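What follows is a short report on a single structure.
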Amino acid sequence: MPDCDYCDASFDDEESYLAHLSRDHVDELGRIDRRRVATAGELESPSQSQSGPGGRDPIIVYGLALSFVLLVIGSAGYIVASGLSESGEVHEHGEITVSVDGEAIDFEQSQYYYEELGGTFHFHPNDGNVWHMHPERVTFGEAMSDIEMPITDSTISIHGTTYDDSDDGTSVELTINRAPAASDQELTEGDHIRVVVETDESDGLPDAATES
């Protein structure tokens, strides 16, 4: 006559004893007893001997909890990012090349720094030809105006000298990421601006463009 190791009950046969264990002590069973109960068909499978309370594998329970936490964190991050985006504030960067007859402007000069010009589109010391755009987004035309080199879709003025693509002997190429660009095109993170001017005179940059 089996006696229960978990209470004072006694049973006439093994089958009744195992049923009792499954019904009244499933959360208390040790590994061997759980396997005996499972083998007798009183539990769904022997693998439940490794399960936690209620027959749930702790790994699965913890995995679900972790997934929920990550989902909450991700959602919070998305909300924060969306809020920043909706506010209209940006801080993005890219590169710029402006050259005349093969001579390129070095934007690592104080006359192009934010401290000098104060525009949304500007440069900072020790950044070379890396442009900064903040706190708002601007168009290609607005950006060039900020650094006092206004453009249209076919012209650019560099320190008082205007180059017009429609003039004989002058070529003005305006591109962003190697594609033709319009003055009303908005700039985005990573854009590489290129302005290439070629003239028959081949005089290069105006002197003012190279003065620090």
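Here are the numbers for the structure shown:
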{"item": "Percent accessible area from carbon and sulfur atoms, the range 101-212, protein chains only, probe 1.4 Å", "result": "39"}
{"item": "Loop-located GluC sites (Glu not before Pro) in the range 161-212 whose Cβ has at most 16 other Cβ within 10 Å (DSSP)", "result": "Glu189, Glu201, Glu211"}
{"item": "D_trans [Stokes-Einstein, Kirkwood Rh over alpha-carbon pairs] for the range 104-212, 20 °C, 1.002 mPa s, µm² s⁻¹", "result": "149"}
{"item": "Relative packing of 108-120, 131-143, which averages over residues the other C-beta atoms within 10 Å, highest first", "result": "131-143, 108-120"}
{"item": "Per residue accessible area of the range 126-212, 1.4 Å probe, in Å²", "result": "52"}
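The values are calculated or read from the model by the stated rules, or taken from the named source; none is laboratory data. What you see is a predicted model, and the numbers here were worked out from it, not measured in a lab. Ideal geometry is used to build each Cβ from the backbone, glycine not excepted, and the neighbour counts take in all protein chains shown. All accessible areas refer to the heavy atoms of the entire protein, side chains included, with ligands and DNA or RNA removed. Shrake-Rupley method; radii C 1.70, N 1.55, O 1.52, S 1.80 Å.
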